Amino acid sequence: MNRRDLFPTPFAADTLKSPEGIAELRRSIEAERARDANGVQISNVGGWHSNTNMIDWGGEAARALAYKAMTMADELTIDSKSPHATRYGWVPEMWANVSVAGNANQYHYHPGSFWSAVAYIDDGYEGDDDPALGGELQLLDPRMPMVRMTAPDLRLADSEGAQMANEVSLRPSSGQIVIFPSWLQHAVRPFHGKGTRISIAINLIAALKKPH
């Protein structure tokens, strides 16, 4: 038989290249956390979640990070009516998360935006590769009816004959940035590292560019 795998979900990762920029982002987050110790409660289970205005209070390093996410999004997106010169730009929304042992994020997605990215300023593992430390980014199979089927032990076979996963687990590392469609449900498993996990989330909202 002839096989095709339909509707793949893009997920991309890259590395932040500026140690100075990473250090400046950390300083901005620490200053904002000192200013607003309560933060907000959204998907986070414990930990500190800043307001979503980091693009304003994060300084030049935050704007550079947003630009990095936008360049990644540009590489992953095509305007179907203008494939060689997109009519769309990105409006960024950004916030910080700080987690210590026992903190997590429950499954959620980001309605209203097109791409979502996460940059890891400090993974909090302090060089320890013990998998028991948790804190993995979890990505849920978007084909939600699969979890409601009457044979829950069956899996689809991929092109190599192996079973497809219903959930993907990714262990982050300091200086890493990842990006995925905003409709992809994601979570963070409880973190048990000895350090402090510091990450930055970015939503990219598609907006038509103003005509010249």
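Every number here is computed from the coordinates shown, using simple stated rules; none is lab data. Note that the structure is a prediction, hence the values are computed from the model and not measured. Quick reminder, even Gly has a Cβ in these numbers, built from the backbone with ideal geometry, and neighbours come from all protein chains shown.
Remarks
- Strands (runs of 3 or more DSSP E) fully within the range 163-212 counting 2 or more residues that are in contact (Cβ under 8 Å) with a residue 40 or more places away in the chain: 176-181, 186-188, 197-208
- Every test in (1) surrounded by 14 or more Cβ atoms within 10 Å (Cβ to Cβ); (2) without any contact (Cβ under 8 Å) to a residue 40 or more places away in the chain; (3) part of a helix (DSSP H, G or I) is passed by GLU32 save one, and that test is (2).
- The range 23-77: number of residues that are aromatic (Phe, Trp, Tyr) and farther than 25 Å from LEU208 by Cα: 2
- Residue identified as among the small types (Gly, Ala, Ser) and under 20 Å from the mean Cα position of the chain (by Cα) among ALA151, ALA207, ALA187, ALA132: ALA187
Matching residues to (1) under 19 Å from the mean Cα position of the chain (by Cα); (2) assigned to a loop (DSSP other than H, G, I, E, B); (3) crowded, with 16+ Cβ neighbours inside 10 Å; (4) in contact (Cβ under 8 Å) with a residue 12 or more places away in the chain:
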{"position": "ALA13", "(1), (2), (3), (4)": "yes, no, no, yes"}
{"position": "GLU24", "(1), (2), (3), (4)": "no, no, yes, yes"}
{"position": "ALA37", "(1), (2), (3), (4)": "no, yes, no, no"}
{"position": "ASN51", "(1), (2), (3), (4)": "yes, yes, no, yes"}
{"position": "ARG63", "(1), (2), (3), (4)": "yes, no, no, no"}
{"position": "ALA69", "(1), (2), (3), (4)": "yes, no, yes, yes"}
{"position": "HIS84", "(1), (2), (3), (4)": "no, yes, no, no"}
{"position": "MET94", "(1), (2), (3), (4)": "yes, no, yes, yes"}
